[in-house]
Amino acid sequence: MPKIKVAAVQMDIVLGNPPANRAKAFHMVEKAAQQQAKVILLPELWTTGYCLERVHLLAETKTGPSIIGLRKLARRYGVTIAGSIAEKSHKGIFNTAYVVNQDGLLGRYRKIHLVPFMSETTYLKAGHALPVFHSNGVKFAVTICYDLRFPELIALLGYQKIDLYLNTAAYIVPRLEHWRIMLRARAIENQFFVLAASRVGHDGTYTYFGHSLIIDPLGKILAEAGESEEIITAELDLGYLQEVRKQLPLLDNRRPELYAQLRKDIK
């Protein structure tokens, strides 16, 4: 079975300044690609930060400079890149993780669970789909930050036996231990690798702690960032993933039909 190197880009984000953030993100993605990473993840809202009161002015479409720039980098280096931005559409504005590779735009994931206390429910629309992607020999999916707190959602990806779960995030102080525990738990529960990129810095309202992580399907931390800008990488052995699932056939032992019936019985 193949091995693949992945990278999490952990960066500070200048509030409401897409040109500055694009320049930094493109540079860091390029550095990750030069380190032979084939899947590269950026943090949540990497173009704008949580500048939601001006998000209607800052949001972009898939043909905007942020996604076009990522597509050029993906094509140049033969890599897959993901990370969320504010997406403008005729239905409203979404917190959307676009996924691109050397062949172009693979698709998008729109954040399903919006965070009330960070005003997302005021300014953004919620998504309703959970796509799975195939690129660079890996079957993977991506969700955004707060989605991590809903194991029912992530379990749907376990049912599909993805290889790699991505979470693009902007987790805030003081929830570091929640972040680390939940990511490890999702890896163990669903027997997949985890690649999680969170931002660092301050934006006047929140402090972001970073600690981007790469985790194996038994919950072992393969790489962890600190609280400053950096790129972390790890090589994932997909053969090892199959061995883990063979030794403990957790995914095959699930009983979704029974769970569906039990949910109906809840009053």
In the range 80-97, the residues that are small (Gly, Ala, Ser) and either over 19 Å from Leu164 (Cα atoms) or at pLDDT below 95 (or both): Ala86, Ser89, Gly92
Among (1) in a helix (DSSP H, G or I); (2) more than 16 Å from the chain's Cα centre (by Cα), the one test that Val29 misses: (2)
Residues located in the range 243-267, provided they are surrounded by 15 or more Cβ atoms within 10 Å (Cβ to Cβ) and of a type outside the set (D, E, K, R): Val244, Leu250, Leu251
Ala234 vs. criteria closer than 28 Å to Leu52 by Cβ, in contact (Cβ under 8 Å) with a residue 40 or more places away in the chain, of a type outside the set (Lys, Arg) and in contact with a strand residue (DSSP E or B) (Cβ under 8 Å, 6 or more places away or on another chain): no
Hey, Asp163 of a type in the set (D, E, K, R), surrounded by 15 or more Cβ atoms within 10 Å (Cβ to Cβ) and touching a residue at least 40 places away in the same chain (Cβ under 8 Å) or not: yes
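Kindly indicate whether Thr47 is within 17 Å of Arg110 (Cβ to Cβ) and surrounded by fewer than 24 Cβ atoms within 10 Å (Cβ to Cβ).
It is false that Thr47 is within 17 Å of Arg110 (Cβ to Cβ) and surrounded by fewer than 24 Cβ atoms within 10 Å (Cβ to Cβ).
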Of all residues making up the range 69-101, the number that are more than 19 Å from the chain's Cα centre (by Cα) and outside any strand (DSSP E or B): 7
Positions within the range 138-153 being touching a residue at least 60 places away in the same chain (Cβ under 8 Å) and under 14 Å from His128 (Cβ atoms), in sequence order: Ile144
Those residues of the range 37-83 which are in contact with a Ser or Thr (Cβ under 8 Å, 6 or more places away or on another chain) and at positive phi, in sequence order: Leu45, Gly83
One residue from Glu227, Glu243 being of a type in the set (Asp, Glu) and in a helix (DSSP H, G or I): Glu243
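Identify, please: which residue in the range 187-207 is within 22 Å of Glu227 (Cα to Cα) and touching a helix residue (DSSP H, G or I) at 6+ places or on another chain (Cβ under 9 Å) and is, among those, surrounded by the most Cβ atoms within 10 Å (Cβ to Cβ)?
Ala196
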Number of the condition not met by Ser228 [criteria: (1) over 16 Å from the mean Cα position of the chain (by Cα); (2) at positive phi]: (2)
Selection count where residues are surrounded by 23 or more Cβ atoms within 10 Å (Cβ to Cβ) and over 14 Å from Ala97 (Cα atoms), scope the range 56-87: 2
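The values are calculated or read from the model by the stated rules, or taken from the named source; none is laboratory data. Since this is a predicted model, take the numbers as computed values, not measurements. With ideal geometry, Cβ positions are generated from the backbone for all residues, glycine too; neighbour counts draw on all protein chains shown.
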